[in-house]
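The structure appears right after this line, and notes come after that.
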């Protein structure tokens, strides 16, 4: 064949190959565009337990007060702040938010507030997401206070079934948050829903209800079992956090590491107080505003600026069980705020942070003086177990325990709690009345506790007799 015709044929073949490739690429691009369009948007479904055993509290006089507790409201507020920040800066719009209740038959549940879509590209400033979230939270809180809105049973599986259906359209981001004690309880003739998730990210915000039938060990297993089951049933990931610890920084970090600024160091400071008579007596002072607890807190506050760019301080009064913790709302300091400050949110003024620390120390001091009893048992082990039942891991965690450490569970070989490696425990200890006749028992107890704390994962355990502690002791702890 003439070379000229060969070149012509080759040219024609190349032309058609180019045309075919062009249309193939157009089809691929069209397919990719359709797929991208199909996965646009973010869906958030908040499930709130409104059973009578959860949405209630028992007073010192054994009176039941209906409604979500203060710590629940604090957690919901932190969740709202996180949703708002993520919606404005990270998530792909539109943002769909649905808030539903967990009840006796959750597939028949009514919504706690109208669902909404938020898309700043379409709405501009006409509809602010913060006002929508606040309005919804107000509705949730008011609904929970009416006994007629509370259910006798708790159908978590049914609520998850509906939550997955709500987000069944292909959203790019899908989240389910659950506020509950995770104690599923169905009417006798109701079967459990066989829910299946579709790679949703789940956040479990937990706290004990008012009818905990078992102890700390069973509670911990219940939370861990639910986490495992959610993963087995299709969740993309599951994060666990206590309701009292659900601050804006904690929730934000669990949802997305993007909410954590570059080079941001997050530090948790937990102060646990034993309300037994011998401990409280040691904390007392003729000058109430200068009591030993408040002075200790001042010592901590002086080194706050050196601890990290984000500091979360939590006060807790221990009880006869780790399930009976009396926890104040955390105080959070941020050297730089990523968004406009909201009521109850982080403070960026270090002096204000120190002032709030002192205010909380006075609240705790007044409370322990009211409940003190020489016969009171204190579950230090169970308290630490509940405190460590979280997937939020700060860069550093300082735990200050003010106690005589007279907890029979410390003799157990298998502790319920475990710390992450950057945990430093400060034991401010004192003897019991019985130790007066057997000082060796006191020494042995403190030594065994130190050993157990290290075995549980603490990087350091420092013990200081409570009556001798000074600012220098805290300086060494926080600066070395």
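Values quoted throughout were computed directly from the atomic coordinates according to the rules given, and no laboratory measurement underlies them. Small disclaimer: the values here were computed from a predicted structure and weren't measured. Virtual Cβ from ideal backbone geometry, glycine too; neighbours counted across all protein chains shown.
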Nearest-ten-degree value, helix 216-232 long axis tilted from longest Cα axis of the chain: 10
Proxy reagent accessibility, fewest Cβ within 10 Å first, across 184, 305: 305, 184
Whole-Å distance linking the alpha carbon centroid of the stretch 49-74 with that of the stretch 344-396 is 20
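Rank by packing, highest mean first: peptides 345-352, 388-395, with packing defined as the count of other Cβ atoms within 10 Å averaged across residues.
Values: 345-352: 15.1, 388-395: 19.1.
Descending mean neighbour count gives 388-395, 345-352.
Rounded to the nearest 0.05, what FRET efficiency do residue 210 and residue 142 have when you use their Cβ-Cβ distance and R0 = 30 Å? The partial results should precede the final answer.
Working: r = 20 Å, r/R0 = 0.67.
About 0.90, to the nearest 0.05.
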Quick calc: nm separation of the 7 Å Cα→Cβ label points for residue 369 and residue 192 -> 5.0
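Rounded to the nearest 5, what % of the DSSP beta bridges within the stretch 39-255 are antiparallel ones?
Values: 8 of 36 bridges.
If we restrict to bridges inside the stretch 39-255, about 20 percent are antiparallel.
Subtract the Cα-Cα distance of residue 130 and residue 440 from 0.36 nm times their separation in residues, and report this length gain in nm to one decimal.
Roughly 105.7 nm would be gained on extension.
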I'd like the distance separating the alpha-carbon centroids of the stretch 295-336 and the stretch 216-242, in whole Å. 26
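Hey, fewest Cβ within 10 Å first, where do 281, 459, 157 land in order? Mind dumping the intermediate values first?
On the way: 281 12, 459 15, 157 19.
The most exposed by this proxy come first: 281, 459, 157.
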What is the extension gain from residue 199 to residue 218, computed as 0.36 nm multiplied by their sequence separation minus the C-alpha to C-alpha distance, in nm to one decimal? 4.0 nm
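If Rh is defined by the Kirkwood formula over all Cα pairs and Rg also comes from Cα, what ratio Rg/Rh do you get for the chain? The partial results should precede the final answer.
Values: Rg = 27.2 Å, Rh = 24.8 Å.
We get a ratio of 1.10 for the chain.
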The computed P(r) of the stretch 390-480 puts the percent of Cα pairs beyond 20 Å at 39
Give the peptides 308-317, 75-84 in descending order of average Cβ contacts within 10 Å, highest first. 75-84, 308-317
Along the Cα-to-C-beta direction of residue 265, a point sits 7 Å from the Cα; which residues of the stretch 439-480 have their amide N less than 14 Å from that point? 477-480
Between the helical axis of 70-89 and the dominant principal axis of the chain, each derived from Cα atoms, what acute angle in degrees is found, rounded to the nearest 10? 30
Given bins 10 angstrom wide, list per bin the percent of all Cα-Cα distances in the stretch 39-255, short to long. 8, 35, 39, 15, 3, 0
Quick calc: nm separation of the 7 Å Cα→Cβ label points for residue 170 and residue 88 -> 3.2
What distance in nm lies between label points placed 7 Å from Cα along the C-beta direction at residue 336 and residue 305? 1.8
Taking a virtual spin label 7 Å from the Cα of residue 473 along the C-beta vector, which residues in the stretch 362-403 bring their backbone nitrogen under 15 Å of it? 399-403
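Can you give the helix-only mean residue ellipticity at 222 nm for the chain, where every DSSP H stretch with n ≥ 4 adds -39500 (n - 2.57) and the sum goes over all residues, rounded to the nearest 500 deg cm²/dmol?
The per-residue figure over the chain is -12500 deg cm²/dmol.
If I stretch the segment between residue 393 and residue 459 completely, what's the gain in nm (0.36 nm per residue apart, minus their alpha carbon distance), one decimal? Don't skip to the answer; put the middle values down first.
On the way: separation 66, 0.36 × 66 = 23.76 nm, distance 1.42 nm.
Working it through step by step, the gained length comes to 22.3 nm.
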Once you keep just the Cα pairs under 8 angstrom separated by 6 or more residues, what percentage relative contact order results for the chain? 13
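If r is the Cβ-Cβ distance from residue 119 to residue 233 and R0 is 25 Å, what FRET efficiency results, to the nearest 0.05?
0.25
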